[in-house]
Amino acid sequence: MRWQQVLGFVAAITPLTLIPGASFTLVTQRVIAGSRADGVLVALGSACGLLVHATFAAVGLSALVMSSGFRSWMSRVAGAVLVGFGIRTAVAAR
């Protein structure tokens, strides 16, 4: 991959990672409930997650997962496990 391609990729995904959404709400909630440092950590974690996802998609991992039935099934199972962990964490926090 040439540096022009990398630069184009970064230019294309940077606005996508900066658009407010659910992560903005989470950051706002952490700042209100905690401190500015908590908000910064959540924002950095959210941005890193988006960049990793965009990078994997660019490399073709998404196409690879979608092309194989077993891999697609495994990604759904992994997603369900993560959702389960998230619900369990949310319930435990209350």
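Some notes on this structure:
- Computed from the Kirkwood radius of its Cα pairs, the Stokes-Einstein diffusion coefficient for the chain at 25 °C and 0.890 mPa s stands at 156 µm²/s.
- Region 1-49 versus region 77-93: alpha-carbon centroid distance in Å: 22 Å
- Of 60, 34, 49, the one that fluctuates the most in a GNM where the chain has Cα springs shorter than 10 Å: 34
- Order by protection proxy (mean Cβ within 10 Å, highest first), peptides 36-46, 8-18: 36-46, 8-18
- Assigned charges on the beta-carbon of Lys, Arg, Asp, Glu; the chain dipole about Cα centre (debye): 160 debye
We did not get these values from a lab; they are worked out from the coordinates using the rules stated. Remember, predicted model here, so these are calculated numbers, not experimental data. Don't worry about glycine lacking a Cβ; one is built from the backbone with ideal geometry, like all the others, and counts go over all protein chains shown.
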